[in-house]
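Heads up: the structure comes next, in structure tokens.
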Amino acid sequence: MSAIPSLELLAPLSGVLLPLDQVPDPVFSGRLIGDGVCIDPTSSVLCAPLSGVVSNIQDSGHAVSITDEQGVQVLMHIGLDTVNLAGKGFTARVREGESVEAGQVLIEFDADYLALHARSLLTLVLVVSGEPFTALVDGVVDTGQPLLCLGARTPAEVATRQEEGEALFSKPLILPNANGLHARPAAVLAQAAKGFAASIQLHKHQSSANAKSLVAIMALQTVKGDVLQLSAAGEDAQAALDSLVALIAEGCGETAAAEAPVETFDAPVTSSLSLLRGVCASPGTALGQVMQLSEQVLNIPEAGAGEERERGLLEGALAQAARELQTLQEGAAGSAQAEIFRAHQELLEDPELLEQAQLLLGQGKSAAFAWRGATEDTAALFKRLGNELLVERALDLLDVGQRVLRLILGAEARAQVLPDDTILIADQLTPSQTASLDTRRVLGFATVGGGATSHVAILARALGLPALCGLPAQVLEVANGTPVLLDADLGQLHLTPEDADIQQLLAKREQQRERRERDSELAHHAAITRDGQHIEVTANVASLEEVEQSLALGGEGVGLLRSEFLYLERSSAPSVEEQAATYQAMAQALGPERNLVVRTLDVGGDKPLAYVPMDGEANPFLGIRGIRLCLQRPELLRQQLRAILACAGQTRLHIMLPMITRLSELREARQLLVEEARALGIAELPKLGIMIEVPAAALMADRFAPEVDFFSIGTNDLTQYTLAMDRDHPQLASQADSLHPAVLRLIASTVKAAHAHGKWVGVCGALASEVLAVPVLLGLGVDELSVSVPLIPSIKAAVREVNLQQCRVLVDQVLDQEGAEQVRGILRDHQQATAATPVLEH
């Protein structure tokens, strides 16, 4: 492949030339779209700087791109913040797809109108295709005058391109993510892209981003429904496209349910002096005293002590920050929390951020100054783009930036001394600050900034701390020590709480504390109902650590091992040996007398794998997921079955198949299990069961029961498929309630069919972890409850409080209700009645 010859670009309009560094907008000064020049115009007609095709022209008329036959692409952007004018003041003289000659008029604009209504008339001329250039003029330039010379590539660049070959392009993709590619899905995409040697670009209209850069991906400001395209050049380009196309089509692993708050409230415009209103970030109530969080000020020198020394300081701080974030990730309370710190780790390796910092280091700046400049400029870009989620993600970037700055400067994170019963008040909290809160002293917090979907809100819910965000700024003026009542459920902060409210809250908190202590003390007692029926309470786990934690809390086995944890966040499938070692370690921890129920790989839908290419689907939850995917790729399932069988004989091994809807799927999977067991010389097969998570399986339970050893009901999916409500939908999630009588009737028919054939039934969905639901599940005849690890003591205690006969009577009542609200009301009354009766310990 020969080098592209030099090409002269003409000035598209007349004016004064300025370097991009002087543009008061980080999206341009940071060269996140491309490098080029800025012109402060003295004319009001924009002309083509080269011959080519109009590859994009904005509906608002403020920006246009021209691409020539060699692939050189130039973007011209008239003014700053002119997109907000919605086309007023602009007249386009060309259309998208039209061929134009150099010097041809593209757009006419009313300079006087723009000067009055836009932030600036500064016009950008950017070479977004990345060719190197030399400026041909300085100072003042006239329309049509040679402006830039795009030089031929250097021999090294030519060799690299020859090695990579021509770029391959994917088909257009429709972005499914409800909130676009914000931090977590962007991090998943960037991490997957890094697994390939090819150069990979993500394209949105005329804009492109390095697909291995989290910052660059987020700067594209994508929204749901955007048409995107991938390109890749290199020896593994096609494999990269196949994998990443599937990943984007599946939503880049985004699971909104983990982030969704229980309720949110719109903050009113005004608040009284005694009552401030905000938005619920994490539910709950707390009574305590105000403590205002003060900011730590770092002294950052601008001048460095030599580029080599400063580079070493930055690299050392980045490495230490990565280790700290890894520790936070490993100690996270759940997968959603771990994802936050994994995204922070991605930012530390982001090529765009590092490149900006290295540029400043080369100019003689200190490591701290360079890093702060890179992070603050990019955070400012996110805030200026006007997308609420990007504004929240800017806080993540500043959090990472502050962590690295402290390490460069050797400054310890200042630990503010907090009194007991603190209600923390701040303008904003960072994820790191939230994760490090001492929950023995902090009872809740309230902030001016942030949102219900922010990373801080997710962490607050994981810590069990009630939290409000979106409060008026006057909350920052409340004096330290002021007694307040934080009612996040109602979105209120009471500055002068009534005595009656305080007494009611104190009594409720004391009851909850005593209950937790009592449940913990009795955690290792059997879960036996008042009339003598033992119910097995097991754990839902996704790691060896959770298995060990469940045993410490009184768990009687593992009712659901989410095996996909072995497959996620990596660029290739785990080996049979790696999987087997994990399963064997869990089996040894459980011992021979406890169940280990391993669910086979359950991906697709909301859990794509970067290395398993899948076609885009209009509705992934109704597409190739669970057992469907595994049977399409039988070697993937065979390898997993081989690994699971390695722990046969060490524990009471059970294998469970997800998303079964047809008997043929069960039989095909069983045949693979038989073949793998035979190959390993295993005569006695482990127990084989299926998940009941679609109505078809529940309605056909009488046909499935003779061919399985057990059922386990996944109430999350069963609910959304039964009610035709996406459990992640912001407006419908609260109605997608597993206590709906329709769902309970399907559970009832499943249990009846299983027991008729002598098979047991467990529930491993979220309903099993809800104390209020225990009586109705037992009344329906469920034999086992597999629950979230921290809730094992509470669920076992709830079993010990009920009489099985009374539960069966209760079931007749709730199945006849019209909705989940009525069912919950009946169950609350039952809960209060049983709580008044003392429990006899078994």
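Look at segment 180-206: where a residue is farther than 29 Å from residue 64 by Cβ and not assigned by TED's automatic domain parsing to the domain that holds residue 394 and a partner is at pLDDT below 85 and of a type in the set (Ser, Thr, Tyr), sitting 6+ places away or on another chain with Cβ atoms under 6 Å, you get 195/571. For residue 79, state whether it is crowded, with 21+ Cβ neighbours inside 10 Å and either acidic (Asp, Glu) or within 25 Å of residue 376 (Cα to Cα) (or both). Yes, satisfied. Listed by first and then second residue, the pairs with beta-carbon distance under 8 Å, at least 6 apart or on different chains, first residue in segment 692-703 and assigned by TED's automatic domain parsing to the domain that holds residue 660, second aromatic (Phe, Trp, Tyr) and surrounded by 19 or more Cβ atoms within 10 Å (Cβ to Cβ), are 692/711; 693/721; 694/721; 695/721; 697/704; 701/711.
Conditions tested, residue by residue: (1) in contact with a strand residue (DSSP E or B) (Cβ under 6 Å, 6 or more places away or on another chain); (2) acidic (Asp, Glu); (3) at pLDDT 70 or above.
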| site | (1), (2), (3) |
| --- | --- |
| 228 | yes, no, yes |
| 233 | yes, no, yes |
| 248 | yes, no, yes |
| 264 | yes, no, no |
| 270 | no, no, no |
| 291 | yes, no, yes |
| 299 | no, no, yes |
| 313 | no, no, yes |
| 326 | no, no, yes |
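Pick from segment 817-826 the residues that are aliphatic (A, V, I, L, M) and within 34 Å of the chain's Cα centre (by Cα): which of them is nearest to residue 735 (Cα to Cα)? Filtering segment 817-826 for residues that are aliphatic (A, V, I, L, M) and within 34 Å of the chain's Cα centre (by Cα), the one nearest to residue 735 (Cα to Cα) comes out as 820.
State yes or no: is residue 782 in contact with a strand residue (DSSP E or B) (Cβ under 9 Å, 6 or more places away or on another chain), farther than 24 Å from residue 521 by Cβ, among the β-branched types (Val, Ile, Thr) and buried (at least 16 other Cβ atoms within 10 Å of the Cβ)?
The answer is yes for residue 782.
Screening the candidates 738, 786, 749 for the property of being modelled with pLDDT under 95 and either on the phi > 0 side of the Ramachandran plot or hydroxyl-bearing (Ser, Thr, Tyr) (or both) yields one hit, 738. Residues considered: 549, 503. Of these, the only one that is without any contact (Cβ under 8 Å) to a residue 40 or more places away in the chain, on the phi < 0 side of the Ramachandran plot and either part of a helix (DSSP H, G or I) or more than 31 Å from the chain's Cα centre (by Cα) (or both) is 503.
For segment 47-63, indicate whether the set of residues that are at pLDDT 90 or above, part of a loop (DSSP other than H, G, I, E, B), assigned by TED's automatic domain parsing to the domain that holds residue 127 and touching a Pro at 6+ places or on another chain (Cβ under 6 Å) is non-empty. Within segment 47-63, one or more residues are at pLDDT 90 or above, part of a loop (DSSP other than H, G, I, E, B), assigned by TED's automatic domain parsing to the domain that holds residue 127 and touching a Pro at 6+ places or on another chain (Cβ under 6 Å). Taking the residues in segment 1-30 that are among the aliphatic types (A, V, I, L, M), modelled with pLDDT under 80 and in a loop (DSSP other than H, G, I, E, B) as candidates, determine which candidate is surrounded by the most Cβ atoms within 10 Å (Cβ to Cβ). Out of the qualifying residues, it is 4.
Criterion first (closer than 20 Å to residue 638 by Cβ and in contact with a strand residue (DSSP E or B) (Cβ under 6 Å, 6 or more places away or on another chain)) does residue 673 satisfy it? Taking the combined requirement at face value, the residue does not satisfy it.
Looking only at residues in segment 795-838 that are of a type in the set (S, T, N, Q) and at pLDDT 90 or above, which one is farthest from residue 554 (Cα to Cα)? My answer is 817. When the test is whether a residue is farther than 25 Å from residue 595 by Cα and under 36 Å from the mean Cα position of the chain (by Cα), residue 784 does not pass it.
The values are calculated or read from the model by the stated rules, or taken from the named source; none is laboratory data. What you see is a predicted model, and the numbers here were worked out from it, not measured in a lab. Note that each Cβ is placed from the backbone with ideal geometry, even for glycine, and that neighbours are counted across all protein chains shown.
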